[in-house]
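Input: a single structure, listed below in structure tokens.
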């Protein structure tokens, strides 16, 4: 097997003489955009969350109604925060793992500008005229096409970095990065063509829409986040992953099941029975890659005393990864899905995946790279550590509240003796507490925003 | 570069299997479902949407109603939906024949709407629910116009509004075309007929 002997790679001086490596700077700019979208998306979702608790809040204003704030917020989080951080992670890690870099970041900066502008206009369009009711496909076509083209411009560099690598072998992280690199455009084109641009007939839409929305986490953001974790841990500790040979099994099982497990949301729904069964079975089998990743990461972490910030991020990220897929597997189990599929527990799965797993892992990589721009800045380190803890407390607290509330909600909504409005009353205190959790999460996001922007400003004032 | 092909080829194969299995299979089978003849009414099922209701489903989609309301009654074998009288049979793919986009819904922050047309009393009640916040649902006031009454009050003016929602003396609240379309769509939501793959069931 031609796997690299170690995941710790020292790259400095590997690229040709005279090249300056544009990637750390590129990652800084991408992080600045991504962190901004994280704050924007969370703020939109929190306003929407207040409306769930108090429907009269900002009531009757068309561009601030719940049904427009939610798609705008989710799209800002997925296409702004998650995807931009993921693209930067792909380029940065493929460069680090391959010992190569790009000659110039110009194309990537143009793509970043186009992506940001398209997303901004797209979100304004959702707020101004509404979406189309299809999760993660609400952005107007011009925005999705621009984002896709910007992605292709950067993915070409990603592929070039992978093909041109100078360090022999392929690391565990690289598999996930290459997989995500391929899946994103395929998913986005499929979803947009089949559901928005040349929509297929209504009866066929439910499975495709559920698969697409699940795929954006399972096949795009999740693999990149895992790659970030599998890079950070050995890099910080200078040790190999505990069960490196298992990693291959972990990767292929993850891809195989992640490709299908989005259908777990459709158990009992208007889809062919075998598809719902596939969704349930693969959601359940996701426990295999979860266990392997856990063994791998915690095997290395066991007994370590060097708890640096990126390492804490990685450990929390892998915990959130396990929690997300465990909760999703339980929720897809047919008797459970029958009661709880449409309750706040489904929101908890999304929040733990996007807010916990993706945010902690990609945030960890950003915080791993940032110090080189900061020159031992103690406030920056504090902001970084507040980001970590506020995110863990906020997301963790909100998830616990949503699950507890969702359990009550599910039983109340299944009980023929309880009218719907009473089921809402039961769950309201939990939704209020979950909202407080989201506010804490927002405070954590603002810390990341401040840390990245301080580094950026310092970098602009005094370039190296 | 030794291991490039296996990783890329493998990922493409794995993704393609799900892509063919979900996206293409759905398109090739469910995408070709047609309406079925109904002997009793000498028409076809599911019933086609009226022009107004067809416009209304676009308002339903744009306002993001599907983030809080499902339109899926699940089978009695796994859920209490039928016992709860959300419908008299499970929702199947064919029920979405005339929906574009299919508003199957993600969450039940609000009640399921698969059979809302059977529960709603009349159009006036739908408008009242949309206009004033009386439940967990936000107000869709911006889909309505408050205007001075000229001569006689309009026949479609909302009646029975409470508190701050009732218009000032000499004014009336009338629905915009969007609100009328949305109400027509909501009232059209009825799955009270049998389909070959989903006969009507009785609550246990």
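The values are calculated or read from the model by the stated rules, or taken from the named source; none is laboratory data. Please read all numbers here as calculations on a predicted model, not as lab measurements. Ideal geometry is used to build each Cβ from the backbone, glycine not excepted, and the neighbour counts take in all protein chains shown.
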Worksheet entry | Positions within the range A:22-54 being crowded, with 18+ Cβ neighbours inside 10 Å and not in a helix (DSSP H, G or I), in sequence order | A:22
Response to the item:
The residue that is farthest from the other protein chains (Cβ to nearest Cβ), considering only those in the range B:40-50 that are part of a loop (DSSP other than H, G, I, E, B) and in contact with a strand residue (DSSP E or B) (Cβ under 9 Å, 6 or more places away or on another chain), is B:47
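Out of A:162, A:184, report the one residue that is part of a helix (DSSP H, G or I), surrounded by 21 or more Cβ atoms within 10 Å (Cβ to Cβ) and facing chain B (nearest Cβ under 8 Å).
Numbers: A:184 fails: facing chain B (nearest Cβ under 8 Å).
It is A:162.
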Worksheet item: Among (1) closer than 29 Å to residue A:334 by Cα; (2) part of a helix (DSSP H, G or I); (3) within 10 Å of the chain's Cα centre (by Cα), which single condition is residue B:30 missing?
Response: (3)
Response to the item:
Of the residues in the range B:69-84 that are surrounded by fewer than 23 Cβ atoms within 10 Å (Cβ to Cβ) and within 7 Å of chain A (Cβ to nearest Cβ), the one that is nearest to residue A:423 (Cα to Cα) is B:84
Worksheet, complete the sentence: All-but-one check, residue B:183 against (1) closer than 21 Å to residue A:56 by Cβ; (2) crowded, with 22+ Cβ neighbours inside 10 Å, failing number (1)
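Just one of B:6, B:37 is away from chain A (no Cβ under 11 Å), surrounded by fewer than 17 Cβ atoms within 10 Å (Cβ to Cβ), free of Cβ contacts under 8 Å to residues at least 60 places away in the same chain and not in a loop (DSSP other than H, G, I, E, B); which is it?
Numbers: B:6 fails: away from chain A (no Cβ under 11 Å).
It is B:37.
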Item to complete: Being buried (at least 24 other Cβ atoms within 10 Å of the Cβ) and within 21 Å of residue A:415 (Cα to Cα) is the filter here, so list the residues in the range A:340-356 that pass it.
Response: A:341, A:342, A:343, A:344, A:345
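Condition test on residue B:31, is it within 24 Å of residue B:196 (Cβ to Cβ) and within 7 Å of another protein chain (Cβ to nearest Cβ)?
Working: within 24 Å of residue B:196 (Cβ to Cβ): yes; within 7 Å of another protein chain (Cβ to nearest Cβ): yes.
Spelling it out, residue B:31 is indeed within 24 Å of residue B:196 (Cβ to Cβ) and within 7 Å of another protein chain (Cβ to nearest Cβ).
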Worksheet entry | helices (runs of 4 or more DSSP H) wholly inside the range A:341-437 that include at least 1 residues being at pLDDT below 95 | A:359-369, A:371-374, A:378-414
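Out of the range A:104-144, which residues are without any contact (Cβ under 8 Å) to a residue 12 or more places away in the chain and either surrounded by 15 or more Cβ atoms within 10 Å (Cβ to Cβ) or touching a helix residue (DSSP H, G or I) at 6+ places or on another chain (Cβ under 6 Å) (or both)? Write out each step before concluding.
The first filter runs over the range A:104-144 and keeps only residues without any contact (Cβ under 8 Å) to a residue 12 or more places away in the chain, leaving A:106, A:113, A:120, A:124, A:129, A:133.
Passing the criteria: A:120, A:133.
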Worksheet item: Which one of these does residue A:154 not meet: (1) within 23 Å of residue A:225 (Cα to Cα); (2) more than 18 Å from the chain's Cα centre (by Cα); (3) outside any helix (DSSP H, G or I)?
Response: (3)
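Consider residue B:200 carefully, then state whether it is touching a strand residue (DSSP E or B) at 6+ places or on another chain (Cβ under 7 Å) and at pLDDT below 95. It would help to see each step written out before you state the result.
On the way: touching a strand residue (DSSP E or B) at 6+ places or on another chain (Cβ under 7 Å): no; at pLDDT below 95: yes.
Here the answer is no, as residue B:200 does not meet what is asked.
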Worksheet item: Considering the range A:131-147 alone, what residues qualify as being in a loop (DSSP other than H, G, I, E, B) and more than 7 Å from chain B (Cβ to nearest Cβ)?
Response: A:136, A:137, A:138, A:139, A:140
Worksheet item: Which condition does residue B:147 not pass, out of (1) over 18 Å from residue B:187 (Cα atoms); (2) outside any loop (DSSP other than H, G, I, E, B); (3) facing another protein chain (nearest Cβ under 7 Å), if it passes all the others?
Response: (3)
Fill in: Identity of the residue in the range B:88-144, more than 11 Å from every other protein chain (Cβ to nearest Cβ) and under 12 Å from the mean Cα position of the chain (by Cα), that ends up nearest to residue A:427 (Cα to Cα)
B:113
Worksheet, complete the sentence: Note on the range B:51-68: residues in contact (Cβ under 8 Å) with a residue 24 or more places away in the chain and either buried (at least 19 other Cβ atoms within 10 Å of the Cβ) or assigned to a loop (DSSP other than H, G, I, E, B) (or both) are B:53, B:56, B:57, B:59, B:60, B:61, B:63, B:65, B:66, B:67, B:68
Worksheet item: Can you name every residue in the range A:226-285 that is within 8 Å of chain B (Cβ to nearest Cβ), free of Cβ contacts under 8 Å to residues at least 40 places away in the same chain and more than 22 Å from the chain's Cα centre (by Cα)?
Response: A:278
